[in-house]
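Note sheet for the following structure.
The values are calculated or read from the model by the stated rules, or taken from the named source; none is laboratory data. Because the structure is a prediction, the values reported are computed rather than measured. Here Cβ is always computed from backbone atoms with ideal geometry, including for glycine, and neighbour counts include all displayed protein chains. Heavy atoms of the whole protein, side chains included, go into the accessibility calculation; ligands, DNA and RNA do not. Shrake-Rupley method; radii C 1.70, N 1.55, O 1.52, S 1.80 Å.
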Amino acid sequence: MSIIQVKNLSKSYGANPVLDNISFEFEEGQIIGLLGPNGSGKTSLIKILVGLINDYSGDALIDGQRPGPYTKSLVAYLPERTYLAEWMRPTDAIEFFADFYADFSREKAYKMLDAFQLPAKQNIKSMSKGMQEKLQLLLVMCRNARLYILDEPLGGVDPAARAFILDTIMKNHPAGSTVMLSTHLIYDVERIFDSVIMIGRGQVLVKAGVEELRRGGRTIEDVFKEVFQYAWQVN
């Protein structure tokens, strides 16, 4: 069975359609690149998959089920924006996750806290953006989930931090699990992908394995630029 299955999915904001009758599915055990320009609907799709948006038509299934308590037990979600309370310290966040998620490893989290060189008692409010993103990534990757959905985990961080984040994802997702990573920074991450889906103008424009896309010596970034030329054209 597919871990992600989307069937005739449509989502609009008022009169503006952002996803227009799209369908696709992915088998378990892959690292999937969810690619598209800013505003292409990546975050809306992700929020539907994790159960944060409910007013849509069609189906979005995780392990054959609509988003709900069962699917939330399978999915570890990293949102695009910081969501932790400013008063929290890393220790507070770790204990919160340990209480909330049965598959969360407190022991692994404290080890990663040291490896990330994050101060355990510093308020999140006073942390840099990079420190906050490291902490949020730590919390997500310390769950033993079947599906990790990461929305722009590389946005707003420098190239060295991007490499660190990618290495953390690769080393810490369990064998056989699936990772869906949304990004528009293709060059930095294409080396880790098994499959790619590109969405734009409300449609699935590309869905393929990376080996197929790289035939002829092209990179995923080359394909991305070809597919999304319209996004930078001036009428």
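Rounded if a/c is under 1.5, else prolate if a/b is larger than b/c, else oblate: which is the stretch 41-103, with a ≥ b ≥ c the root eigenvalues of its Cα gyration tensor?
On the way: a/c = 3.32, a/b = 1.68, b/c = 1.98.
Oblate, because a/c is 1.5 or more while a/b does not exceed b/c.
Using the heavy atoms of the protein chains and a 1.4 angstrom probe, tell me the accessible area per residue for the stretch 156-201 in square angstrom. It would help to have the intermediate numbers written out before the result.
Values: 1880 Å² over 46 residues.
Accessible area per residue: 41 Å².
Where is the GNM fluctuation largest for the chain (alpha-carbon springs, 10 angstrom cutoff): 152, 80, 133?
Of 152, 80, 133, the Gaussian network model singles out 80 as fluctuating most.
So how tilted is helix 106-115 from the main axis of the chain? Cα-based, degrees 0 to 90, rounded to 10.
It works out to around 90 degrees.
First compute the accessible area of the stretch 43-173 with a 1.4 Å probe, then give the percent of it belonging to carbon and sulfur atoms. List each step's numbers first, then the result.
Numbers: 3170 of 6210 Å².
Taking all protein chains in place, the stretch 43-173 shows 51 percent carbon and sulfur surface.
Over 21 Å between Cα atoms: which of 72/121; 47/72; 108/171; 7/72 fall into that group? Intermediate values should be presented prior to the final figure.
Details: 72/121 29 Å; 47/72 12 Å; 108/171 12 Å; 7/72 19 Å.
As for pairs spanning more than 21 Å Cα to Cα, those are 72/121.
State log₁₀ I(q)/I(0) for the stretch 72-189 at q = 0.13, 0.15, 0.21 Å⁻¹ as given by the Debye formula over alpha-carbon point scatterers of equal weight, solvent excluded.
-0.46, -0.62, -1.28
Run the simple label-point estimate for residue 54 and residue 114 please: 7 Å along Cα→C-beta, distance reported in nm.
For the pair residue 54/residue 114, the computed spacing is 4.4 nm.
Find the Rg to Rh ratio for the chain, where Rh is the Kirkwood radius over alpha-carbon pairs and Rg uses the same atoms. Write down the numbers at each step before the final one.
Working: Rg = 17.8 Å, Rh = 18.5 Å.
That ratio is 0.96, to two decimals.
Build a GNM of the chain with springs between Cα atoms under 10 Å: which of 15, 120, 145 gets the top mean-square fluctuation?
15
Send over a whole-number figure in Å² for the accessible area per residue of the stretch 1-72, probe 1.4 Å. Before the final figure, lay out the partial values.
On the way: 3180 Å² over 72 residues.
Computed with neighbouring chains in place, this is 44 Å² per residue.
Going by alpha carbons, how many degrees (0 to 90, nearest 10) lie between the helix axis of 159-172 and the longest principal axis of the chain?
It is inclined by approximately 80 degrees.
Using helices alone, I'd like the mean residue ellipticity at 222 nm for the chain: each DSSP H run of four-plus residues gives -39500 (n - 2.57), total over residue count, nearest 500.
On the way: 9 runs with 76 residues, N = 235.
Rounded to the nearest 500, the figure is -9000 deg cm²/dmol.
If you split all Cα-Cα distances of the stretch 106-168 into 10 Å bins from zero, what percentages do you get per bin, shortest first?
Binned Cα distances yield the sequence 20, 55, 25, 1.
What does the accessible area per residue of the stretch 105-150 come to in Å², with a 1.4 Å probe and no ligands, DNA or RNA counted?
Values: 2090 Å² over 46 residues.
Solvent-accessible surface per residue comes out at 45 Å².
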